Amino acid sequence: MNDLAASEAQVLICGAGPAGLALACALHDRGLAVRVLEQADAAALARPADDGREIALTHRSRRVLEQLGLWGRLCDIAPLRRASVRSSGTRTPLAFEAAGQDLGWLVANHRIRAAAWEAAQQRGMDIRCGRQVAGFWREARVAVVQTRTGERHAAPLVVAADSRFSPLRRLAGIAARHHDFGRSALLVPLTHEREHEGLAQECFLEGRTLALLPKTGRRSSAVWTVANAELPRIAAMDDAAFAAAIAAAAEGSLGEMRVDGARHVYPLVAVWAQRFVAPRLALIGDAAVGMHPVTAHGYNLGLHGVEALSRRLEPGCDPGEMGALLAYEAEHRRAAGPLYAGTNALVRFFTDDRAPVLALRRAVIDMARHLPPLRAAITRRLVDA
Ligand SMILES: Cc1cc2nc3c(=O)[nH]c(=O)nc-3n(C[C@H](O)[C@H](O)[C@H](O)COP(=O)(O)OP(=O)(O)OC[C@H]3O[C@@H](n4cnc5c(N)ncnc54)[C@H](O)[C@@H]3O)c2cc1C
């Protein structure tokens, strides 16, 4: 019997990344029959390689991960107690702190992936690995997905959770706006002499941006953002020179530093899908909206989408019913739109090194330091987004 005939899935999710697996768990818990198709093999999903990303999670995301049973499976969770932002030339940084609570938490992306895989396995879910989605079409009451080897899978609703460059989105003919920042993020794990005390530092320097994200112990992850033309020169630096350059950019706040693992490079391209739904299709995670990482909203938005979509799908109803899909799209676009536009505008403003813009940047940071209500509003956004 071929897979199409055997298919009993009500929802077919393409992509077993952190968004796809979280959605699979949420829908399973609502009583829907879910199947996941993923191009990677099961071993790579069960023990994902460290990809260098440290994911800042908000309070809202923590609640979702707790409900799905993922949070308790995470290890090496580093509390994010405070954040500071400075631009070259600002004497005092702009500081954010939430009274009596952490701003959020940082967890390595591969730990989130492993936890999501374990949570799905524990539910006994139908996850088919080594399946690369290569075809998509609609029939009377189902959408059909075909893998590269010709296997067919059908369900009343298909979900694209297959990354910001989503092949399924393209196959379905949904256009997306890509914003290439012409820059790349170089991620480097470091150990250092002094405690970071849960402080995340964002330094907008001329020609480059440096973020230092606290990990457990005296460890941090440096996110060094440079123009693509500069990348070969920076990437060629040896570990000692690299650690010294980051320590200097951090103005010695963490003392002497040492590189503590492999470097990873991510070209920075933000993506906004023109539609988040189409007949018998929904986009989720980065396939719907792929964020620039500076505001740390990507996976947090992915979890927002998981909540918004799963809440609208009922076991007894057709999961591909357009009314429910449109309601998901409206809610998720309302949440993601301002964050997407705001993040891109912030990146443009903080990476434009022309003299008048630099001066304005310093003035904005100084002004914000003296406006507690503005800082409180930004802090609320950081905590609850
Ligand atoms: C440097 C960096 C830092 C970040 N920091 C943060 C942060 O601090 N906070 C935050 O919230 N977010 C952050 N993010 C964003 C976050 O990492 C992403 O939003 C999240 O990983 C996206 O998950 P996803 O499941 O949508 O996609 P992905 O993780 O890309 O997973 C997609 C899955 O689909 C599979 N797939 C792809 N094509 C096919 C196909 N044809 N057939 C079958 N399977 C397929 C892939 O193999 C993969 O398993 C950061 C991102 C970067 C790059």
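Screening Glu118 with (1) at pLDDT 95 or above; (2) in a strand (DSSP E or B) gives one miss only, at (2). Can you tell me which residue is surrounded by the fewest Cβ atoms within 10 Å (Cβ to Cβ) among those in the stretch 297-313 that are near the ligand (Cβ under 7 Å from one of its atoms) and over 14 Å from Ala341 (Cα atoms)? Ranking the candidates gives Asn300 first.
Residues that are in contact (Cβ under 8 Å) with a residue 40 or more places away in the chain, more than 22 Å from the chain's Cα centre (by Cα) and within 12 Å of the ligand (Cβ to nearest atom) within the stretch 149-165 comprise Glu151, His153, listed in sequence order. Selection within the stretch 33-77: residues that are part of a strand (DSSP E or B) and in contact with an Asp or Glu (Cβ under 8 Å, 6 or more places away or on another chain). The member of this set that is farthest from Pro156 (Cα to Cα) is Val36.
Out of the residues in the stretch 37-87 meeting the condition of being basic (Lys, Arg) and under 22 Å from Leu27 (Cα atoms), tell me which one is farthest from the ligand (Cβ to nearest atom).
First pass over the stretch 37-87, keeping only residues basic (Lys, Arg): 47, 53, 60, 62-63, 73, 81-82, 86.
Those still in the list that are under 22 Å from Leu27 (Cα atoms) too: 60, 62-63, 73.
Working: Arg60: 11, Arg62: 12, Arg63: 14, Arg73: 17 Å.
Restricting to residues being basic (Lys, Arg) and under 22 Å from Leu27 (Cα atoms), the top hit is Arg73.
Set side by side, the residues Leu187, Leu168 differ, and just one is within 10 Å of the ligand (Cβ to nearest atom) and not in a strand (DSSP E or B), which is Leu168.
Scanning the stretch 155-196 for residues that are surrounded by fewer than 20 Cβ atoms within 10 Å (Cβ to Cβ) and closer than 14 Å to Arg131 by Cβ yields a total of 1.
Given the residues Arg82, Arg111, Arg63, which is the only one that is modelled with pLDDT under 95, more than 19 Å from Arg131 (Cβ to Cβ) and among the basic types (Lys, Arg)?
Working: Arg111 fails: modelled with pLDDT under 95; Arg63 fails: modelled with pLDDT under 95.
Answer to the check: Arg82.
Of the residues contained in the stretch 2-15, one or more are found to be without any contact (Cβ under 8 Å) to a residue 40 or more places away in the chain and of a type in the set (Gly, Ala, Ser). Go through the stretch 237-296 and report how many residues are on the phi > 0 side of the Ramachandran plot and without any contact (Cβ under 8 Å) to a residue 24 or more places away in the chain. Residues flagged as on the phi > 0 side of the Ramachandran plot and without any contact (Cβ under 8 Å) to a residue 24 or more places away in the chain within the stretch 237-296 amount to 2.
Across the stretch 245-278, the qualifying residues are those that are in contact with a Lys or Arg (Cβ under 6 Å, 6 or more places away or on another chain) and part of a loop (DSSP other than H, G, I, E, B), and the one among them that is farthest from the ligand (Cβ to nearest atom) is Gly255.
Among the listed residues Gly255, Gly207, Gly261, identify the single one that is surrounded by fewer than 22 Cβ atoms within 10 Å (Cβ to Cβ), over 27 Å from Val64 (Cα atoms) and in contact with a His (Cβ under 9 Å, 6 or more places away or on another chain). Outline the logic, then answer.
Numbers: Gly207 fails: in contact with a His (Cβ under 9 Å, 6 or more places away or on another chain); Gly261 fails: in contact with a His (Cβ under 9 Å, 6 or more places away or on another chain).
Selected residue: Gly255, the only one of Gly255, Gly207, Gly261 that is surrounded by fewer than 22 Cβ atoms within 10 Å (Cβ to Cβ), over 27 Å from Val64 (Cα atoms) and in contact with a His (Cβ under 9 Å, 6 or more places away or on another chain).
Selection within the stretch 212-243: residues that are exposed (fewer than 15 other Cβ atoms within 10 Å of the Cβ) and among the small types (Gly, Ala, Ser). The member of this set that is nearest to the chain's Cα centre (by Cα) is Ala227.
The values are calculated or read from the model by the stated rules, or taken from the named source; none is laboratory data. As the structure is a prediction and not an experimental result, all values here were calculated from the model. Cβ: placed from backbone, ideal geometry, glycine included. Neighbour counts: every protein chain shown.
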